Amino acid sequence: MRIVSGIQPTGNLHLGNYLGAIRNWVAMQEDAAATGGQCLYFLADLHAISMPHVPADLAANTREMVAALVACGIDPDRSVLFNQAQVPQHSEMQWLLNGTARMGWLNRMTQWKDKAGKNREGQSVALFTYPVLQAADVLIYQATHVPVGEDQKQHLELARDIAQKFNNDFCPEDAPLFTLPDPFIPPEAARIMSLRDGSSKMSKSDPSDMSRINMTDDADTIMQKIKKAKTDPEPLPGDKAGLEGRPEAANLVGIYAVMAGVSVDNVLAQFGGEGFGKFKPALGELLVEKLAPINTRFLELREDREALDAILRKGAEKARALAIPTLEKTYDALGLVRG
């Protein structure tokens, strides 16, 4: 099993990023190590330039994301951790696959429609073709599995379509070049909502810093944010069904359950009938306990640019070694003469 997954480097990492994606990466790393598999995790900085960006922020966010991943448990010695920009084979493979991908396929991508909105003519070509780069990201490593959520299933299907068409068009029937990656459905990722609005996801774009738990927050800040988190006047119910129609209560109970590694019903068995005056301090203390080691390591790493760059260089060397053989075979299959 070879798992490949990428994440866009964004700043202001928060609890939702950790519980929604990064924690699953750590679990996959452990499973791969136990079964002789391999995980490749990359910072999708090439994808980031498909939208307007500030170059200095992109560079800083890339390093910050590396610090966060390592602090959360990604081990660069057991997983291949790198950024796309240091592995030019991704871009080369995208161009080669552009000859196989079809305009109709890309036009049907729902994320293109969502991100472009009504101003499609004003969007970058990169925004339109980035699903082909996503295909290149996984096909160049002969990935067997790609973690996908609901919003990424269509992109993996596109990667499989491109791989299948390329194999059919340019490869002997008994010797396909590309592995068709299968979806890897990780355990249901926690959906962490805003502390100010239980119907909206926790997000760095929310203007209120009180809406989220940042990975840089200290213990006092975490306790204060949980204390002021929006709730309702009713006590906690005795079972999960009682949280229906109570989004803020459901969010806080869900966060506690995920952080404690227990079910929502177990949390409610302990706190059912209690008010938030008792539950909130318990939740805050749990968050402080679980996040303190990550926070300490993250802040330490974030300041060590030399160490972060060394991690990325080391990962990129490993990634290039894995990517080059498939890239060379792709050139050959297309009849491109190389020196």
Inset, instruction - Sort out which residues of the range 283-313 are among the small types (G, A, S) and over 15 Å from T221 (Cα atoms), and write them in order of number. - result: A307, A310
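Is there a residue being closer than 16 Å to Y141 by Cβ, in the same structural domain as I7 (by TED's automatic domain parsing) and either among the polar types (S, T, N, Q) or surrounded by fewer than 16 Cβ atoms within 10 Å (Cβ to Cβ) (or both) anywhere in the range 69-80?
Within the range 69-80, the first condition is being closer than 16 Å to Y141 by Cβ, and the residues that meet it are 79-80.
Those left that are additionally in the same structural domain as I7 (by TED's automatic domain parsing): 79-80.
Adding the requirement that they be either among the polar types (S, T, N, Q) or surrounded by fewer than 16 Cβ atoms within 10 Å (Cβ to Cβ) (or both) leaves 79.
Yes, the range 69-80 contains a residue that is closer than 16 Å to Y141 by Cβ, in the same structural domain as I7 (by TED's automatic domain parsing) and either among the polar types (S, T, N, Q) or surrounded by fewer than 16 Cβ atoms within 10 Å (Cβ to Cβ) (or both).
Is it true that I311 is outside the structural domain of G16 (by TED's automatic domain parsing) and either aromatic (F, W, Y) or surrounded by 13 or more Cβ atoms within 10 Å (Cβ to Cβ) (or both)?
Working: outside the structural domain of G16 (by TED's automatic domain parsing): no; either aromatic (F, W, Y) or surrounded by 13 or more Cβ atoms within 10 Å (Cβ to Cβ) (or both): yes.
For I311, the condition - outside the structural domain of G16 (by TED's automatic domain parsing) and either aromatic (F, W, Y) or surrounded by 13 or more Cβ atoms within 10 Å (Cβ to Cβ) (or both) - is not met.
Any residue at all in the range 136-147 that is over 18 Å from C39 (Cβ atoms) and modelled with pLDDT of 95 or more? Give the steps one after another, and end with the answer.
Within the range 136-147, the first condition is being over 18 Å from C39 (Cβ atoms), and the residues that meet it are 136.
Remaining after also requiring modelled with pLDDT of 95 or more: 136.
Looking for residues that are over 18 Å from C39 (Cβ atoms) and modelled with pLDDT of 95 or more, one finds at least one in the range 136-147, hence yes.
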Legend entry - Residues located in the range 28-82, provided they are in contact (Cβ under 8 Å) with a residue 24 or more places away in the chain, farther than 16 Å from I3 by Cα and of a type outside the set (A, V, I, L, M): D45, H47, S50, D57, N61, T62, R63, E64, C72, G73
Legend entry - Identity of the residue in the range 108-125, over 20 Å from the mean Cα position of the chain (by Cα) and of a type in the set (A, V, I, L, M, F, W, C), that ends up farthest from H47 (Cα to Cα): A116
Inset, instruction - Identify, by number, the condition in (1) in a helix (DSSP H, G or I); (2) closer than 19 Å to I3 by Cα; (3) in contact (Cβ under 8 Å) with a residue 24 or more places away in the chain that E157 doesn't meet. - result: (3)
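The values are calculated or read from the model by the stated rules, or taken from the named source; none is laboratory data. Everything numeric here is computed off the predicted structure, so don't read it as measured data. Reconstructed Cβ throughout: ideal geometry from the backbone, glycine too, with neighbour counts over all protein chains shown.
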